[in-house]
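The values are calculated or read from the model by the stated rules, or taken from the named source; none is laboratory data. Values in this document were obtained by computation on a predicted structure and should not be read as measured data. For neighbour counting, all protein chains shown are included, and Cβ atoms are generated from backbone atoms with ideal geometry for every residue, glycine included.
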Amino acid sequence: MSKFIFVVGGVMSGVGKGTATASIGRILQSKGFRVTAVKVDPYINVDAGTMNPVEHGEVFVTEDGDETDQDIGNYERFLDTDITSVNYMTTGRVYREVIERERNLEYGGRTVEVVPHVPEEVVRRIKRAAKEAHADICMVEIGGTVGEYQNILFLEAARMMHLKHPKDVLFVLVSYLPIPFNLGEMKTKPTQYAVRTLNSAGIQPDFIIARASRALDEPRKRKLSQFCNIDERDVISAPDAASVYDVPLNFEQDQVGKRILSKFGLRARQRNDMKEWAKLVKTIHAEKKAVRIAVVGKYFASGDFSLTDAYISVIEAIKAAAWHNGVDPQLDWLDSTEFETHPEKLKELSRYDGILVPGGFGSRGIEGKIAVIRYAREKKIPYFGLCYGMQLATIEFARHVAGLKGAHTTEVNPEAEHPVIHIMPEQEAIVTKKKFGGTMRLGSYACALAAKSHSRKAYGKREVTERHRHRYEFNGDYRERLEKAGLTIAGTSPDGSLVEIVEVKEHPFFVGVQFHPEFKSRPLRPHPLFNAFIKAAIA
């Protein structure tokens, strides 16, 4: 049987459970074990696809087309493996399965109750994920914070697994230790309460990962050990790090991997192989020439705060490519609506080495994006457009180069004179019926690359597979006209029917892709297109 490590949060959300889960997984992987990771989200939504990215963060798409929480992306980047839909569950998904099974008489006429049947479904899904991944160790992150009503059934599932397999299940509490400004002293009491709340669910943590702005000192470790019934060696200091990629190395200073294997009665299968990871971290912190990249989008504002999690995979892909090329990525997040109300600000783009427009939906801010794209094209600033960024690049080219002044996307203007971007035929009926959840073109599809294109040179191969998430596409009726005007169709579906990549000739780098290459980037293996974009930006 696989071993299972449940990771739960204490005191407040956003303390880094996903990073902690991924980091522990990476450490155990480095010791020779096959590791997978499961994310449990307590909301009723069936998946993350219908949620506002400002509220919830990025929607991460898996190879098999699941719209998941951004932590699945963390797992893929740290573990350097593809995570599939079986590794992701929500309250909505679990309840739906239980109800469908009841409707199909799979409970044999018994009364179906919240307990034990819902936790049993959770357990079934966790074990299935571990089995399908052939995992020696399965990390399970439970979203939210202990004490929240939404978490109770998932904690009950974890308790049930521990009751049945006590030697195969461990619990990690990632908790926050505040340092009130006026006191200047790190406080353990909130974490003590978090542990007691977890105890009330029948769970005793085996480890406490103590998140704080500073490293945990010995008096605080002793206090948590004494009042939380835990070995002092299992209280892990987790101060704020300059980079999330520092975290596995920081954890290993407290010998997290060794402690976990000891509790499971396991021995490392190989020497701790974190050399490549340590080399990456050294590169990240080394002094380097800067490359300035403008990310122009609209999902940044959350009240008075900036939330860049809406584009977390894009940001990490840029960073990975920059580090690979020995430069320091300096990213600025620019609100596209600013360029609509203050067009004079376009001149400020001249100070950037590269401009990227990520994916998105709707009409807000798109004229600002189109203005930015035009500036990048005319001023020969390297440009990379992802999904919507590709569609808007096509519109910009059609309007200002091909002379199609009424060019637009039917997503914004259904009556556009020149609908160079239109809804995919199979999507039209779906939208009419308002069946929006999980119905876009999702997951991995093949793309054939044109000879002598930037993209073909970057990939170094004729055909690739990339992940998609869209309803609208390049209108093939305009392909010939736009090509004659100078637009290069650099990538299509293997049968040539769908346009996947557009490029502009006589430009250092102007590439728009219908897919989301950021989802396949890894810190140790940057994506070829991001790599090419950064090289052009450096040049």
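Remarks
- Of all residues in the range 357-390, exactly one satisfies the criterion of being surrounded by fewer than 24 Cβ atoms within 10 Å (Cβ to Cβ), under 23 Å from Val291 (Cβ atoms) and of a type in the set (Ser, Thr, Tyr), namely Tyr375.
Rundown of residues vs (1) assigned to a loop (DSSP other than H, G, I, E, B); (2) crowded, with 17+ Cβ neighbours inside 10 Å, yes/no style:
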residue	(1), (2)
Glu483	no, no
Pro494	yes, no
Glu500	no, yes
Glu503	no, yes
Val511	no, yes
Glu518	no, yes
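Residue-by-condition table, conditions (1) surrounded by fewer than 19 Cβ atoms within 10 Å (Cβ to Cβ); (2) outside any strand (DSSP E or B); (3) of a type in the set (A, V, I, L, M):
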residue	(1), (2), (3)
Pro178	yes, yes, no
Leu183	yes, yes, yes
Lys187	yes, yes, no
Val195	no, yes, yes
Pro205	no, yes, no
Ala215	yes, yes, yes
Pro219	yes, yes, no
Phe227	yes, yes, no
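- Taken as a whole, the range 28-49 holds no residue that is touching a strand residue (DSSP E or B) at 6+ places or on another chain (Cβ under 9 Å), part of a helix (DSSP H, G or I), under 28 Å from Arg469 (Cβ atoms) and small (Gly, Ala, Ser).
- Ile209 satisfies every condition listed in (1) loosely packed, with under 13 Cβ neighbours inside 10 Å; (2) among the aliphatic types (A, V, I, L, M); (3) not in a loop (DSSP other than H, G, I, E, B) except (1).
- Selected residue (only one of Tyr352, Tyr375, Tyr383, Tyr388 is hydroxyl-bearing (Ser, Thr, Tyr), in contact with a strand residue (DSSP E or B) (Cβ under 9 Å, 6 or more places away or on another chain) and within 25 Å of His285 (Cα to Cα)): Tyr352
- With a requirement of 2 or more residues that are β-branched (Val, Ile, Thr), the helices (runs of 4 or more DSSP H) lying completely within the range 310-421 that satisfy it span 312-324, 366-378, 388-400.
- Qualifying residue in the range 238-246 (condition: under 19 Å from Gln192 (Cβ atoms) and of a type in the set (Phe, Trp, Tyr)): no
For (1) closer than 24 Å to Ala310 by Cα; (2) of a type in the set (Val, Ile, Thr), each residue gets a yes or a no:
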residue: Ser13; (1), (2): yes, no
residue: Gly57; (1), (2): yes, no
residue: Asp69; (1), (2): yes, no
residue: Gly92; (1), (2): yes, no
residue: Arg96; (1), (2): no, no
residue: Ile99; (1), (2): no, yes
residue: Glu106; (1), (2): no, no
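- Scan of the range 521-535 for residues that are buried (at least 23 other Cβ atoms within 10 Å of the Cβ) and assigned to a helix (DSSP H, G or I), ordered by number: Leu529, Phe530, Phe533, Ile534
- All conditions in (1) more than 26 Å from Val114 (Cβ to Cβ); (2) crowded, with 22+ Cβ neighbours inside 10 Å; (3) of a type in the set (Val, Ile, Thr) hold for Val38, with the sole exception of (1).
- Screening the candidates Glu141, Glu97 for the property of being surrounded by 23 or more Cβ atoms within 10 Å (Cβ to Cβ) and either without any contact (Cβ under 8 Å) to a residue 60 or more places away in the chain or outside any helix (DSSP H, G or I) (or both) yields one hit, Glu141.
- The one condition from (1) farther than 13 Å from Ala37 by Cβ; (2) surrounded by fewer than 18 Cβ atoms within 10 Å (Cβ to Cβ) that Glu67 does not meet is (2).
- Verdict on Glu503 being of a type outside the set (S, T, N, Q) and touching a helix residue (DSSP H, G or I) at 6+ places or on another chain (Cβ under 6 Å): yes
- If you go through the range 426-441 and keep only what is in a helix (DSSP H, G or I) and under 29 Å from the mean Cα position of the chain (by Cα), you end up with Glu426, Gln427, Glu428, Ile430, Val431.
- Ser444 falls short of the stated requirement of being in contact with a helix residue (DSSP H, G or I) (Cβ under 8 Å, 6 or more places away or on another chain), surrounded by 16 or more Cβ atoms within 10 Å (Cβ to Cβ) and among the hydroxyl-bearing types (Ser, Thr, Tyr).
- Test: residue in the range 285-296 that is loosely packed, with under 13 Cβ neighbours inside 10 Å, charged (D, E, K, R), in a strand (DSSP E or B) and at pLDDT 95 or above: yes
- When the range 442-453 is filtered for residues that are at positive phi and either at pLDDT below 85 or not in a loop (DSSP other than H, G, I, E, B) (or both), only Gly443 remains.
- Selection from the range 454-481 of residues that are surrounded by fewer than 19 Cβ atoms within 10 Å (Cβ to Cβ) and either not assigned by TED's automatic domain parsing to the domain that holds Val401 or not in a helix (DSSP H, G or I) (or both): Gly460, Lys461, Arg462, Glu463, Thr465, Arg471
- Candidate set from the range 253-281 (those that are surrounded by 19 or more Cβ atoms within 10 Å (Cβ to Cβ) and of a type outside the set (A, V, I, L, M, F, W, C)); member that is modelled with the highest pLDDT: Gly257
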